[in-house]
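Engineer: This is the structure I want to talk about, given as structure tokens.
Each reported figure results from applying straightforward, stated rules to the coordinates on display, with no laboratory input. None of the values given here were measured: they were computed from a predicted structure. Here the Cβ positions follow ideal geometry from the backbone for every residue, glycine too, while neighbour counts run over all protein chains shown.
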Amino acid sequence: METKTTDTNRIENAMATVRAPDLGLAPQECVMPEPSEPCTIIIMGATGDLTSRKLMPQLFNLYLNAGLPQPFLIVGTSHIDVSEAEFRSNMQAALKKAGVYDENRWPDFARALHYRYADFADMESFKHMAQALRDLDQEFNTRGNRIFYMALPPSVYKSAAHLIGKVGLADEHQNGNGWSRIVVEKPFGTDLKTAVDLDQSLSRDFTEHQIFRIDHYLAKETVQNLLMLRFANSLFEPIWNRRYVEYVAITAIEELGVEHRAGYYEQSGVLRDMFQNHMMQLVALTAMEPPSRFEADQVRDEKIKVFRAMRPFQVDRLNENLVLGQYAAGTVDGQTVRAYRDEPGVAADSLTPTFALMKVNLDNWRWQGVPFYLTSGKRLDQKLTEIAIQFKSVPHSMFRHTLGATIPANRLILGIYPEEKITLTFQTKNPGATVCLRTVTMDFNYQQNSSGPVLDAYARALIDCMLGDQMLFWRQDGVELCWKFLTPILDRCEICDDQAKLLHFYEAGTQGPKAIEGIK
């Protein structure tokens with residue numbers, strides 16, 4: 001067998017000497033980039049679905065992989081009065097259902113789980129909860145550091161946050177408190193006015209550096225890797241502009257219908273549910289300029305410039321840049337599925353869109369003239385999330401007399417789901433005496449050669465909350481700029497007399513409305 005003596009070997013050997021912080025684990029098992037201070041994670045609304053389906057399994061996953069600080073506490077609160085033993089039992093069942101349960105590690109984790117009653121509209125119950133948190137802090141020495149995770153309906157955000165402030169738990173580094181952070185889930189309002197109102201309410205008791213507006217899309221590994229691909233490789237950055245890129249297509253579609261979310265979805269629709277947050281963030285990461293440093297505010301400053309560059313739509317000519325659709329009955333994976341209007345909780349004459357294709361133009365030096373096609377929808381032919389960079393065709397074909405065909409342009413795809421990978425297509429000669437081209441693909445699977453744990457987006461977001469790193473979270477000026485862009489579109493779609501004419505029906509299990517072919 002030949003012994004390797006290449007530069008690659010020497011680099012690999014050098015990299016093998018890099019060590020993570022000593023947490024009693026092998027380097028590849030370490031998930032915390034730096035030690036986090038002890039803290040208490042308070043889940044507001046801990047008896048709800050988000051806690052059992054996402055938050056608790058990911059907290060336990062972090063615990064199994066040394067991703068939680070020592071010491072730590074997890075305190076569930078809700079307006080439902082359950083015993084601490086019952087809460088622990090419910091969380092144990094949730095872990096088993098999620099497939100992350102470890103019988104040997106559960107007892108120690110369970111000792112860090114507590115439950116306290118709190119009515120999100122009652123000051124007295126919050127006073128009792130505040131005292132209970134202070135008592136637990138003294139007992140377990142978590143230094144008064146607290147994260148309040150709002151696993152609540154958005155309608156309760158303002159009252160719950162204000163009560164946290166009124167009982168003195170939002171104040172940092174005084175009265176026995178350490179740092180205090182509040183995590184809010186989307187939607188951040190339903191339009192520009194309500195987004196500003198929500199921020200003003202939160203800001204009564206919390207400052208901007210304490211507010212973590214979570215968008216779990218940003219915590220996906222491949223989404224973060226987009227910045228590394230662009231700014232750590234001289235191969236890509238010089239051609240990442242209008243001179244070489246024909247268009248950018250950002251897709252986030254799924255086979256599922258509205259499921260159990262009809263109450264929420266009837267009030268939001270696809271534009272509020274996906275475009276104001278997830279899709280806008282993917283546009284910003286794809287289009288932003290390189291920040292001066294890879295730090296939260298510098299990165300978010302560059303995103304803000306992208307949002308400011310988005311060209312406003314002419315609302316009287318929406319059909320030139322926007323297609324809205326709603327799924328009708330059809331077949332998905334061989335199963336007959338009902339129309340959106342037949343879903344439980346949906347009005348029989350609903351005009352809520354479940355699909356949107358939007359063409360966004362950025363008026364700046366790098367991207368002028370390059371359209372960004374954003375597509376998201378439900379009950380389509382597949383579940384797919386990706387960012388595709390379509391490069392321009394070569395300006396001159398010296399092969400035209402030989403091949404007699406157009407040479408396909410290069411295409412770079414950043415796959416987020418179902419596979420986290422990067423794919424580059426390019427042209428090469430087909431083997432043999434005949435001169436002809438073939439399209440080949442270069443693949444990189446993101447989990448290739450990785451032996452460490454695979455973290456869910458929520459787990460990564462929780463780590464950043466504990467570290468106080470807001471890079472992957474929304475800043476209020478970004479929220480407002482995106483609502484400023486979308487609100488006129490929403491007003492036109494929801495208030496106008498010809499609202500029904502803007503909505504195109506499509507059969508479930510297809511690629512969406514036929515009208516998408518008219519968007520160029």
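Engineer: Among the listed pairs 484/520; 54/220; 378/421; 359/514; 305/484; 193/484, which have their C-alpha atoms separated by more than 19 angstrom in this model?
Structural biologist: Over 19 Å apart, Cα to Cα: 484/520; 378/421.
Engineer: Rg/Rh for the range 35-114 to two decimals, with Rh computed the Kirkwood way over all alpha-carbon pairs. Mind dumping the intermediate values first?
Structural biologist: Details: Rg = 11.8 Å, Rh = 12.7 Å.
Reported Rg/Rh (Cα atoms, Kirkwood Rh): 0.93.
Engineer: Right, something else. In whole angstrom, note down how far apart the Cα centers of the range 164-192 and the range 462-497 are.
Structural biologist: Answer, in whole Å: 19.
Engineer: Give the order of 179, 365, 240 when sorted by the count of other beta carbons within 10 angstrom, beginning with the fewest.
Structural biologist: 365, 179, 240
Engineer: Report the charge-dipole magnitude of the range 167-276 in Debye, nearest 20, computed about the Cα centre from +1 at each Lys and Arg Cβ and -1 at each Asp and Glu Cβ.
Structural biologist: That gives the range 167-276 a dipole magnitude of about 360 debye.
Engineer: Translational diffusion coefficient, Stokes-Einstein: compute it for the range 164-211 using the Kirkwood radius over C-alpha pairs as Rh, at 25 °C and 0.890 mPa s, and state it as an integer in µm² s⁻¹.
Structural biologist: On the way: Rh = 11.6 Å.
D, rounded to a whole number, is 211 µm²/s.
Engineer: Let me ask something else about it. Fewest first, what order do 514, 303 take by the number of other Cβ atoms within 10 Å? Write out the running numbers ahead of the final one.
Structural biologist: On the way: 514 13, 303 23.
Listing 514, 303 from fewest to most nearby Cβ atoms yields 514, 303.
Engineer: For the chain, compute Rh as the Kirkwood radius over C-alpha pairs and then the Stokes-Einstein diffusion coefficient at 37 °C and 0.692 mPa s; write the answer in µm²/s, rounded to an integer. Write out the running numbers ahead of the final one.
Structural biologist: Numbers: Rh = 25.4 Å.
Diffusion coefficient, whole number: 129 µm²/s.
Engineer: So if each residue of separation counts as 0.36 nm, and I subtract the Cα-Cα distance between residue 96 and residue 517, what length gain in nm does that give? Kindly include the intermediate steps, with their values, before the conclusion.
Structural biologist: Details: separation 421, 0.36 × 421 = 151.56 nm, distance 4.60 nm.
Stretched out fully, the residue 96 to residue 517 stretch lengthens by 147.0 nm.
Engineer: Multiply the residue separation of residue 425 and residue 138 by 0.36 nm, subtract the distance between their alpha-carbon atoms, and state the gained length in nm to one decimal.
Structural biologist: Extra length from residue 425 to residue 138 when fully extended: 97.4 nm.
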